[in-house]
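Student: To start, I am sharing the structure in question, which I have written as C-alpha cells.
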Amino acid sequence: MSAKLTVGGEAVGRGRKVTIALPITRLPTGGAMTVPIIAINGRFDGPRVWLSAAVHGDELNGIEIVRAVVDALSAKTLKGTLIAAPVVNPFGLLGGDRYLPDRRDLNRSFPGSKRGSLASRLAHLFMETVVNGSDVGLDLHTASNHRENHPQIRADLADPKTRALAEAFAAPILIQSKQRDGSLRQAGVDAGQQVLVYEAGEAMRYDSASVEIGVGGVLRVLQHLDMITEAPEGPPGPPHIVTRSSWVRARRGGLLSTRVALGDMVEKGETLGRIADTVGGRPMAIKASTAGVVLGINHYPVINKGDAVAHVGEIATSD
Ligand SMILES: [Zn+2]
C-alpha cells in the first residue's frame with residue numbers, strides 16, 4: 001500500500017495514530033453528529049484492515065474491544081493500517097437502540113447510497129471512508145433482545161483465506177454462515193475483502209469474557225496478517241465448527257426457565273428449558289431438536305408462542 005493515507009479528508013502520516021470525528025449530519029437540535037474513527041497508519045508496509053463496532057447501537061462489547069485493541073497497537077511498529085470505528089451508529093448508542101432514528105437497520109443498508117435514507121447515507125459514508133481500499137474487515141456484534149451469544153465467528157469458511165483468519169481469531173465457535181443482503185459483511189466481501197463477524201455477549205452490557213476473547217482474537221488476526229509480532233495466546237484446543245444452526249422456539253407462551261448454559265453440548269431431545277404459566281399450571285419442556293452446542297440463549301423469561309429459547313449449532317464431524 002502507499003504511504004499516503006487520507007481518512008475523512010484528513011491526511012494521516014506514516015507512523016501516526018489519529019482520532020477523527022467524521023461528520024454524518026446535523027441533529028435537529030443543531031449540534032453535529034459524528035462517527036469517531038481512529039486511524040493507525042503503521043510505519044511499515046502491510047495490509048489495510050477495518051474494525052467496526054456498534055453498527056447496532058445497543059451492542060456495546062465491541063466498543064470496549066476496539067478501545068483495547070487501539071490501545072495495544074503502536075503506529076511506530078505496525079506493518080500496514082488499521083482503521084477502527086468503535087461506534088458506527090452513534091444515534092443508536094445514545095438512544096440505547098439497535099436501529100437508527102428512521103427505524104432502519106444499518107446492517108441491512110449497506111453499501112448504501114449518497115441520496116438514500118439516513119441509514120443508507122451513513123452506510124455509504126462508512127464504505128467510502130473506512131471500508132473501500134481495505135483488504136480485511138472485522139465487524140463486532142452481540143446478540144439482541146435479551147439474548148446472549150457464546151463467543152463465535154461467523155464467516156464464509158468455504159473461502160480458504162477467510163477460514164485462515166477465522167481460525168487465527170480462535171473464538172470457541174466458528175460458524176459457516178450465509179451472507180445477508182445489505183450487511184456490512186456482505187458489502188466488504190463484495191468489495192473483494194475477507195470479512196469476519198464476531199458475535200459475543202448481549203446488548204446493553206459489557207461482558208469481560210466476550211471482550212477478552214474479542215481483543216485477543218483481533219490481535220491474533222493482525223498477527224496472522226504479519227502486521228504485529230505478538231498477540232495473546234488463543235484458548236487451548238481447536239474451535240467447534242458449526243455448519244448449521246437453528247433457534248428452538250416455544251410451542252406455547254409462559255414463563256421460561258432455561259436449563260442449559262452457553263457453550264454446553266446437548267443431545268437431541270435434551271431439555272433446554274421449561275415454560276410454566278404464572279398460576280403454576282403444567283410446565284412444558286423445551287427440547288433440543290438436534291444435538292449440538294448452545295450458541296445463544298434467551299434470558300427474558302416472558303415468552304410468547306414462537307419466541308426463540310435457545311440457539312443450537314450442529315457441529316461438523318470431519319474437522
Ligand atoms: Zn448486531
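The values are calculated or read from the model by the stated rules, or taken from the named source; none is laboratory data. Computed from a prediction, not measured in an experiment: that's the story for all the values here. When we count neighbours, we look across all protein chains shown, and the Cβ atoms used for this are built from the backbone with ideal geometry, even at glycine.
Student: Can you run down the residue pairs with Cβ atoms below 9 Å, 6 or more apart or on separate chains, where the first is in region 116-132 and assigned by TED's automatic domain parsing to the domain that holds N89 and the partner is surrounded by fewer than 21 Cβ atoms within 10 Å (Cβ to Cβ) and part of a helix (DSSP H, G or I)?
Tutor: Here the result reads G116/H124; A119/R108, each pair linking region 116-132 to a residue that is surrounded by fewer than 21 Cβ atoms within 10 Å (Cβ to Cβ) and part of a helix (DSSP H, G or I).
Student: Restricting attention to region 26-65, which residues are of a type in the set (G, A, S) and more than 16 Å from the ligand (Cβ to nearest atom)? Break it down stepwise before answering.
Tutor: To start, the set of residues in region 26-65 that are of a type in the set (G, A, S) comprises 30-32, 39, 42, 46, 52-54, 57, 62.
Of everything in region 26-65, those that are of a type in the set (G, A, S) and more than 16 Å from the ligand (Cβ to nearest atom) turn out to be G30, G31, A32, A39, G42, G46.
Student: Further question on the same structure: Among the candidates S120, S144, single out the residue that is within 13 Å of A203 (Cβ to Cβ) and either away from the ligand (no atom under 16 Å from the Cβ) or modelled with pLDDT under 95 (or both).
Tutor: Values: S120 fails: within 13 Å of A203 (Cβ to Cβ).
S144 is the lone residue from the list that is within 13 Å of A203 (Cβ to Cβ) and either away from the ligand (no atom under 16 Å from the Cβ) or modelled with pLDDT under 95 (or both).
Student: Let me ask you something else. Pick from D139, D102, D97, D181: which is under 22 Å from T25 (Cα atoms) and either within 16 Å of the ligand (Cβ to nearest atom) or assigned to a strand (DSSP E or B) (or both)?
Tutor: Details: D139 fails: under 22 Å from T25 (Cα atoms); D102 fails: either within 16 Å of the ligand (Cβ to nearest atom) or assigned to a strand (DSSP E or B) (or both); D181 fails: under 22 Å from T25 (Cα atoms).
After ruling out the rest, the residue left standing is D97.
Student: Only one residue in A291, A316, A276 is within 23 Å of the chain's Cα centre (by Cα) and over 30 Å from A85 (Cβ atoms), so which one is that? Give the steps one after another, and end with the answer.
Tutor: On the way: A291 fails: within 23 Å of the chain's Cα centre (by Cα); A276 fails: within 23 Å of the chain's Cα centre (by Cα).
Answer to the selection: A316.
Student: Here's a follow-up. Report whether or not V55 is in contact with a helix residue (DSSP H, G or I) (Cβ under 8 Å, 6 or more places away or on another chain), closer than 24 Å to Q186 by Cα, modelled with pLDDT of 95 or more and surrounded by 19 or more Cβ atoms within 10 Å (Cβ to Cβ). Before you say what the answer is, go through the steps one by one.
Tutor: Working: in contact with a helix residue (DSSP H, G or I) (Cβ under 8 Å, 6 or more places away or on another chain): yes; closer than 24 Å to Q186 by Cα: yes; modelled with pLDDT of 95 or more: yes; surrounded by 19 or more Cβ atoms within 10 Å (Cβ to Cβ): yes.
Considered against the rule, which asks whether it is in contact with a helix residue (DSSP H, G or I) (Cβ under 8 Å, 6 or more places away or on another chain), closer than 24 Å to Q186 by Cα, modelled with pLDDT of 95 or more and surrounded by 19 or more Cβ atoms within 10 Å (Cβ to Cβ), V55 comes out as yes.
Student: Among the numbered criteria (1) of a type outside the set (S, T, Y); (2) closer than 25 Å to A155 by Cα; (3) at pLDDT below 95, which one does V279 miss?
Tutor: Answer for V279: the failing condition is (2).
Student: While we're here: So, in region 2-43, exactly how many residues are surrounded by 15 or more Cβ atoms within 10 Å (Cβ to Cβ), on the phi < 0 side of the Ramachandran plot and in contact with a Lys or Arg (Cβ under 6 Å, 6 or more places away or on another chain)?
Tutor: So the answer is 5.
Student: Are any of the residues in region 166-175 within 16 Å of the ligand (Cβ to nearest atom), part of a loop (DSSP other than H, G, I, E, B) and either surrounded by fewer than 21 Cβ atoms within 10 Å (Cβ to Cβ) or assigned by TED's automatic domain parsing to the domain that holds G57 (or both)? So that I can check it myself, show each step before the final result.
Tutor: In the first step, residues of region 166-175 are kept if they are within 16 Å of the ligand (Cβ to nearest atom); the result is 171, 175.
Narrowing further to those that are part of a loop (DSSP other than H, G, I, E, B): 171.
From what's left, either surrounded by fewer than 21 Cβ atoms within 10 Å (Cβ to Cβ) or assigned by TED's automatic domain parsing to the domain that holds G57 (or both): 171.
Within region 166-175, one or more residues are within 16 Å of the ligand (Cβ to nearest atom), part of a loop (DSSP other than H, G, I, E, B) and either surrounded by fewer than 21 Cβ atoms within 10 Å (Cβ to Cβ) or assigned by TED's automatic domain parsing to the domain that holds G57 (or both).
Student: Further question on the same structure: Search region 96-115 for residues that are more than 18 Å from D139 (Cα to Cα) and pair each with any residue that is more than 13 Å from the ligand (Cβ to nearest atom) and of a type in the set (D, E, K, R) when their beta-carbon atoms are under 7 Å apart and the residues are at least 6 apart or on different chains.
Tutor: K114/R121
Student: Of everything in region 106-135, what is surrounded by 15 or more Cβ atoms within 10 Å (Cβ to Cβ) and touching a helix residue (DSSP H, G or I) at 6+ places or on another chain (Cβ under 7 Å)? Give them in sequence order.
Tutor: L106, N107, S109, F110, P111, G112, A119, L122, A123, M127, V131
Student: Out of the residues in region 276-295 that are under 12 Å from R251 (Cβ atoms) and aliphatic (A, V, I, L, M), state the one that is surrounded by the fewest Cβ atoms within 10 Å (Cβ to Cβ).
Tutor: At the first step, the residues of region 276-295 found to be under 12 Å from R251 (Cβ atoms) are 284-287, 289.
Remaining after also requiring aliphatic (A, V, I, L, M): 284-286.
Working: M284: 16, A285: 12, I286: 25.
Residue satisfying both the conditions and the ranking: A285.
Student: Exactly one condition in (1) within 30 Å of M227 (Cβ to Cβ); (2) touching a Phe, Trp or Tyr at 6+ places or on another chain (Cβ under 8 Å) is false for I173; which is it?
Tutor: I173 satisfies every listed condition except (2).
Student: Do we find that G31 is touching a residue at least 60 places away in the same chain (Cβ under 8 Å), more than 21 Å from I213 (Cα to Cα) and in the same structural domain as A203 (by TED's automatic domain parsing) in this structure? Walk me through it before giving the result.
Tutor: Values: touching a residue at least 60 places away in the same chain (Cβ under 8 Å): no; more than 21 Å from I213 (Cα to Cα): yes; in the same structural domain as A203 (by TED's automatic domain parsing): yes.
In short, no.
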